[in-house]
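Chemist: Before I ask anything, let me first share the structure, which is written out below as structure tokens.
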Amino acid sequence: MKGYHGRFLEVDLSTRKMTDLTLPEEFLKKYIGGATLAAALIYDRFSKELAPLAPENPLVLATGPFTGTPLPMVSRYAVGGISPLTGFWGEATSGGKFPFRLKGAGWDGILVKGKADRPVYLYLKEGQAEIRDAARLWGQDSYQAQKTIKDELGDDSVSIACIGSSGEKLIKYAAIMNDNGRAAGRCGLGALMGSKNLKAVVASGNLRPELSNPEKVRDLAKQAVAQINGNLVSVAFREYGTMMYMDMAMTLGDAPAKYFTKSVFPVSKVTGQALRQAYLVKNYACLGCPIGCGRELMDFKPGMNVDGPEYETAVAFGPLCLNTDLDSIIRANHLCNTHGIDTISTGVSVAYAFYLYDLGVLTRNQVGFEVKWGDGEAVVKLTEMIIAQEGIGKILSQGTLAMAKAFGRSADEAAQVKGLEMPMHEGRAFHGMALSYATGPRGACHLKGDYYNVDLGNMVLEYMILPSERLSSEGKSEGAAKYQSLKDLFDSLALCKFAPITPTQLCEMLNAITGWQFAPKDILAAGDRSINLKRALSNKLGLTREHDRLPKICLAALDEGTTAGVEPDMEKMLKGYYQFRGWDWETGRPTKEKLLELELNQVAAEMYP
């Protein structure tokens, strides 16, 4: 077997037993790796009768065949499990050094079940694994825990994925942090890790699987680096990080403001350029990435460097709350990274509190202070209350659906899909995005089919995914479904979504690594299989067609900006999408024929006995 170790570390924390789980080549060829492999392993191992945080429900950390190779932008890993926030399939990805170190330790990933009787961490090094005591680490924030472990091991080369206080407190959208401020942020998988009393996974080593054609892989890597460096978007990311998109987003009506009720705001105060002008900004990159979109703010406070906010975070704590104070946005972001919590769900929940306060549903007595639009200090205070589980923060920490229920509001006011809070790209500005949000495998997700990229001109000729009128719902269904499948595959390989790599190049890379003979149609089928497997998993947990919808707060036409008067036609797009996908319109399930076509025979037999 080439490109894989062919084994997972299976850990039962209840019994402290660790075994090697062998992964046959045909299994890997079918599910590739990363988030898809996690879903395939979890499908047979979770119980729909139990709560997501039940010890029996597993947590998977998985790399892919690209991880650890000379290819650029491949130091990524995926985390999978049943989401404590949504109750459906949950996944998150992250970069940094940890993915290379995890695979370098000698496994393709880890499957964790059970619950330790006291806090522990896993230590993986050169094919050896230990369960170590972490009682002294419990209560430490994510930065402290990473430093403490490195100091105790006397090894600064190890890489660590850990939880902060939010994961320990089982906050429903807690994140898993690695390499200082990198985050597997969405779906609350940090809470799943915390529920198992697992503080951290520590990885070290340089055990690399053999490549089928090493020379070809090196040549493809050189070509890819040159292609990435010559890409104008890569240059912009390097200069300004993901916040480079802020002013364009506002112009296009793609950046939501005032809790999804506005699209126009003083954008010049919160751009990547404004960040560079106000602070000393240093770039950092994931291992093997030629771009370096990460930001580090030097001496944000005397002697204190902090991770700078990305676009999603900057909008969520900024314009979504009508806040244009960069200092408060950075502080809120740092709080989230320090304590390990998803900035998107946190920011949207905070913005909903602003919205409710403006309506008079929330009062000063309930909150403890004024919550007026644009107040950056209120943004920071509410974030602190969520993390500390104080007062109104307890309700905010459960997400917008739970907030709407707690305050007697309509679910159409909760900015989420399937319980996962909306990202900072507007479905009103790109109708293909609205469809991707409604049907995404983990809920509202801007990365599982970032269709705004297509309508901005990034076509995929192999699949005839072509740009069209962004403010129209016509002809979006097939392209959105194909693009969704392609981008889902990125999290299997695993490859950064910012990599400007074509399906033909992906095939060349995968084949050179593994010795397989994948063509573009084969990798698209692998992406389709991934989407349908995750869909079936969520169907088992109660997902129906009724969950494939956007709330009115994110759908109703606005009266300003370039999207004024425009509302996506969701039913038209969904019907076309269902037809193309081979999903049943009544139940929201993949048809038996579709499952068999994708070789998901076991799923078909269970779903259609």
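Chemist: Jot down the radius of gyration and Dmax of the range 291-371, Cα atoms only, both in angstrom.
Modeler: Reported Rg and Dmax, both Å: 14.2, 48.
Chemist: I've got another one for you. Hey, got the Cα dimensions of the range 367-504 along the principal axes, in Å, largest first?
Modeler: Sorted largest first, the three principal extents are 56, 32, 25 Å.
Chemist: Taking amide H positions as placed 1.01 Å from N in the peptide plane, with prolines and chain starts having none, which residues 5 or more places from Cys293, or on another chain, fall under 5 Å of its amide H?
Modeler: Sorted by chain and number, the residues that satisfy this are Cys286.
Chemist: 5 Å is the cut-off here: which amide hydrogens, built 1.01 Å from N in the peptide plane, fall below it relative to Gly443, excluding neighbours closer than 5 in sequence?
Modeler: none
Chemist: Take the alpha-carbon positions of the range 269-333, form their convex hull, and give its projected area averaged over all directions (one quarter of the hull surface) in nm².
Modeler: About 4.5 nm², averaged over all directions.
Chemist: Amide H neighbours of Met73 under 5 Å, counting only residues 5+ apart in sequence or on other chains, H built in-plane at 1.01 Å?
Modeler: For Met73, whose amide H was placed from the backbone, the distant partners under 5 Å are Cys289.
Chemist: From the phi angles alone, apply the Karplus equation (6.51, -1.76, 1.60; θ = phi - 60°) to the range 498-513 and give each ³J(HN,Hα) in whole Hz, x where the residue is Gly or Pro.
Modeler: With the stated coefficients, the range 498-513 comes to 7, 6, x, 10, 7, x, 4, 5, 4, 5, 4, 5, 4, 5, 5, 6 Hz.
Chemist: Would you please classify the overall shape of the range 7-204 from the alpha carbon gyration tensor, given that a ≥ b ≥ c denote the square roots of the eigenvalues, rounded means a/c under 1.5, and beyond that prolate means a/b larger than b/c while oblate covers the rest?
Modeler: Rounded, because the longest to shortest axis ratio a/c is under 1.5.
Chemist: If you put +1 on each Lys and Arg Cβ and -1 on each Asp and Glu Cβ, how big is the dipole of the range 16-130 around its Cα centre, in Debye rounded to 20?
Modeler: Charge dipole, the range 16-130, about its Cα centre: 260 debye, nearest 20.
Chemist: In nm, give the distance between the simple-model label positions of Gln273 and Ala519, each being 7 Å from the Cα along the Cα-to-Cβ direction.
Modeler: Rounded to a tenth, the inter-label distance reads 4.8 nm.
Chemist: Could you list, in their original order, any pairs among Lys147/Lys394; Lys172/Lys269; Lys282/Lys372; Lys2/Lys30 whose Cα atoms are separated by more than 22 Å?
Modeler: Lys147/Lys394; Lys172/Lys269; Lys282/Lys372
Chemist: When you take every Cα atom in the range 239-408, what is the radius of gyration, and what is Dmax, the widest Cα pair distance, in Å?
Modeler: 15.9, 51
Chemist: Read phi for every residue in the range 251-265 and hand back ³J(HN,Hα) as whole Hz from Karplus 6.51 cos²θ - 1.76 cosθ + 1.60, θ = phi - 60°, with x for Gly and Pro.
Modeler: Residue by residue, the range 251-265 yields 4, 7, x, 9, 9, x, 9, 6, 6, 6, 10, 9, 9, 10, 7 Hz.
Chemist: At 10 °C and a viscosity of 1.306 mPa s, what translational diffusion coefficient does Stokes-Einstein give for the range 112-256, taking Rh as the Kirkwood radius over Cα pairs? Give it in µm²/s as a whole number.
Modeler: Using the Kirkwood radius from Cα pairs, D works out to 88 µm²/s.
Chemist: In the chain, with Lys and Arg counted as +1 and Asp and Glu as -1 at Cβ, which of these residues, Thr242, Pro590, Gln227, has the Cα nearest the positive end of the dipole, that is, farthest along it?
Modeler: Pro590
Chemist: Could you sort the peptides 290-296, 68-74 by per-residue average Cβ neighbour count (10 Å cutoff), highest mean leading?
Modeler: In descending order of packing, they fall as 68-74, 290-296.
Chemist: Going toward the positive end of the dipole of the chain, with +1 on Lys and Arg Cβ and -1 on Asp and Glu Cβ, which of Cys187, Ala444, Tyr577 do you reach last?
Modeler: Of the options given, the answer is Cys187.
Chemist: Additional query: Using only the alpha carbon atoms of the range 335-396, find the Kirkwood hydrodynamic radius as the inverse mean reciprocal pair distance, in angstroms to one decimal.
Modeler: Taking every pair of different Cα atoms in the range 335-396, averaging 1/r and inverting gives 11.5 Å.
Chemist: If all Cα-Cα distances of the range 311-351 are sorted into 5 Å bins from 0 onward, what percent lands in each bin, rounded to whole numbers?
Modeler: So the P(r) values, bin by bin, are 6, 31, 39, 21, 4.
Chemist: Determine ³J(HN,Hα), in whole Hz, for all residues of the range 3-20 in sequence, where each value follows from phi through the Karplus function 6.51 cos²θ - 1.76 cosθ + 1.60 and θ = phi - 60°; x replaces Gly and Pro.
Modeler: x, 10, 6, x, 8, 10, 8, 9, 10, 9, 6, 5, 9, 6, 9, 10, 9, 8
Chemist: Mind checking the dipole of the range 239-408: about its Cα centre, +1 per Lys or Arg Cβ, -1 per Asp or Glu Cβ, Debye to the nearest 20?
Modeler: Using only the charged Cβ atoms, the result is roughly 260 debye.
Chemist: Under a crude label model (7 Å from the Cα following the beta-carbon direction), how far is Lys150 from Ser468 in nanometres?
Modeler: Output for this residue pair reads 4.9 nm.
Chemist: Distances over 14 Å make up what percent of all Cα-Cα pairs in the range 134-218?
Modeler: Looking at the range 134-218, the distances longer than 14 Å represent 63 percent of pairs.
Chemist: Continuing with the same structure: Applying 1/(1 + (r/R0)^6) with R0 = 45 Å to the Cβ-Cβ distance of Lys552 and Arg45, what FRET efficiency is obtained, to the nearest 0.05?
Modeler: With a Förster radius of 45 Å, E is 0.75.
Chemist: Next up: Just add up the charged neighbours of Asn197: K/R +1, D/E -1, any other residue whose Cβ is under 15 Å from the Cβ of Asn197.
Modeler: Value of the local net charge: +4.
Chemist: Sticking with this structure for a sec: What number, rounded to the nearest 500 deg cm²/dmol, is the helix-based mean residue ellipticity at 222 nm of the chain, given -39500 (n - 2.57) per DSSP H run of at least four residues and division by all its residues?
Modeler: -11500 deg cm²/dmol
Chemist: Rg/Rh for the range 75-170: what does it come to with C-alpha atoms and Rh from Kirkwood?
Modeler: That ratio equals 0.94.
Chemist: Continuing with this model, one more query. Using unit Cβ charges (K, R positive; D, E negative) and no other charged atoms, how large, in debye to the nearest 20, is the dipole of the chain about its Cα centre?
Modeler: Here the chain has a charge dipole of around 740 debye.
Chemist: Next question, about the same structure. What spacing in nm lies between the two simple spin-label points modelled at Leu207 and Glu597, each 7 Å away from Cα in the Cβ direction?
Modeler: Simple spin-label model gives 4.1 nm for this pair.
Chemist: Based on the Cα atoms of the range 361-400, what semi-axes does the equivalent ellipsoid have, where each is the square root of 5 times one gyration tensor eigenvalue, given in whole Å with the largest first?
Modeler: Calculated on Cα positions only, the semi-axes equal 15, 12, 9 Å.
Chemist: Right, another one. How much FRET efficiency would the formula 1/(1 + (r/R0)^6) give for Thr587 and Leu280, where r is the Cβ-Cβ distance and R0 is 51 Å, rounded to 0.05?
Modeler: Approximately 0.40, to the nearest 0.05.
Chemist: Which of Pro55, Pro72, Gly87 sits farthest toward the positive end of the charge dipole of the range 15-93, with +1 on the Cβ of Lys and Arg and -1 on the Cβ of Asp and Glu?
Modeler: Looking along the dipole axis, the top candidate is Pro72.
Chemist: Running Debye on the chain with equal point scatterers at the Cα sites and no solvent, what base-10 log of I(q)/I(0) appears at q = 0.05, 0.07 Å⁻¹?
Modeler: Evaluating at q = 0.05, 0.07 Å⁻¹ gives log10 I(q)/I(0) of -0.19, -0.37.
Chemist: A further question on this structure: Taking the alpha carbon gyration tensor of the range 427-607, what are the square roots of 5 times its eigenvalues, largest first, to the nearest whole Å?
Modeler: Semi-axes, largest first: 27, 22, 12 Å.
Chemist: Can I ask one more? Taking every Cα atom in the range 558-609, find the radius of gyration and the maximum pairwise distance Dmax, and write them in Å.
Modeler: Computed over the Cα atoms of the range 558-609, radius of gyration and Dmax are 16.9, 52 Å.
Every read-out reported here was derived from the displayed coordinates using simple, explicitly stated rules and does not represent laboratory data. Just so it is clear, the model here is predicted, and its values are computed rather than measured. Glycine gets a Cβ as well: all are built from the backbone with ideal geometry, and neighbour counts include every protein chain shown.
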